[in-house]
Amino acid sequence: MVDRLVAQGFFTPWDTNAGGPSKLAPVKIGAQSFNDSEGREYVRVLRAALAKHGLALTDVESHSTNLSENASSTQAAVLKFRADGITHVFNANVLFYKSADSQGYRPRYAVDDTIATPALLTQNASASQLH
């Protein structure tokens, strides 16, 4: 996925307020994952794939599979990612999109097209988050 995103010019400066290209913002990458062995493996593989292109994760938010715990940690992740200037986000869950929208934060999302993710997002995330 990272190789294709690089080839498509995904990792370009991004304005997280406007939700569009920027000439000034540095590329900073964040990711969400579950705090289990599969989530840790996802982050390890993502780090390696990014490193092949001279890129790195700035922030990682790992959360429980428990929905109520997930909601609070996701809200905190949005606040942290925004404060840290994260411009590109991998593996964001639907709660992330909703919380980011309510905070006017519009990073560029890398969307995995497995497990019906695009359909899930079009039903649950606002158009401003899906630009």
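If you bin every alpha carbon distance in the chain into 10 Å steps from zero, what whole percent lands in each bin?
All Cα pairs, binned at 10 Å, distribute as 12, 46, 37, 4 percent.
Rank Tyr97, Tyr42, Tyr109 by mean-square fluctuation in a GNM of the chain with C-alpha springs under 10 angstrom and give only the top-ranked residue.
With Cα springs under 10 Å in the chain, the top fluctuation among Tyr97, Tyr42, Tyr109 is at Tyr42.
Summing -39500 (n - 2.57) over the DSSP H runs of n ≥ 4 in the chain and dividing by its residue number, what mean residue ellipticity at 222 nm do you reach, to the nearest 500 deg cm²/dmol?
Numbers: 5 runs with 55 residues, N = 131.
That calculation yields -12500 deg cm²/dmol at 222 nm.
Using alpha-carbon pairs under 8 Å, 6+ residues apart, how would you state the relative contact order of the chain in percent? Don't skip to the end; give the middle numbers.
Values: 192 pairs, mean separation 36.7, N = 131.
Computed over the chain, the figure is 28 percent.
Diagonalise the Cα gyration tensor of the stretch 1-43 and give the resulting equivalent ellipsoid semi-axes, square root of 5 times each eigenvalue, largest first, whole Å. Each step should come with its number before you reach the end.
Working: eigenvalues 130, 40, 10 Å².
They are 26, 14, 7 Å, listed largest first.
Tally up the carbon and sulfur contribution to the accessible surface of the stretch 23-131 as a whole percent, 1.4 Å probe, everything protein left in place.
Working: 3340 of 6010 Å².
Within the stretch 23-131, the accessible surface is 56 percent carbon and sulfur.
How many Å² of accessible area per residue for the chain, probe 1.4 Å? It would help to have the intermediate numbers written out before the result.
Working: 7220 Å² over 131 residues.
Heavy-atom accessible area per residue stands at 55 Å².
The values are calculated or read from the model by the stated rules, or taken from the named source; none is laboratory data. Since we're looking at a predicted model, the values are computed, not measured. Accessible surface is based on the protein model in full, side chains and every heavy atom, while ligands, DNA and RNA are left aside. Shrake-Rupley method; radii C 1.70, N 1.55, O 1.52, S 1.80 Å.
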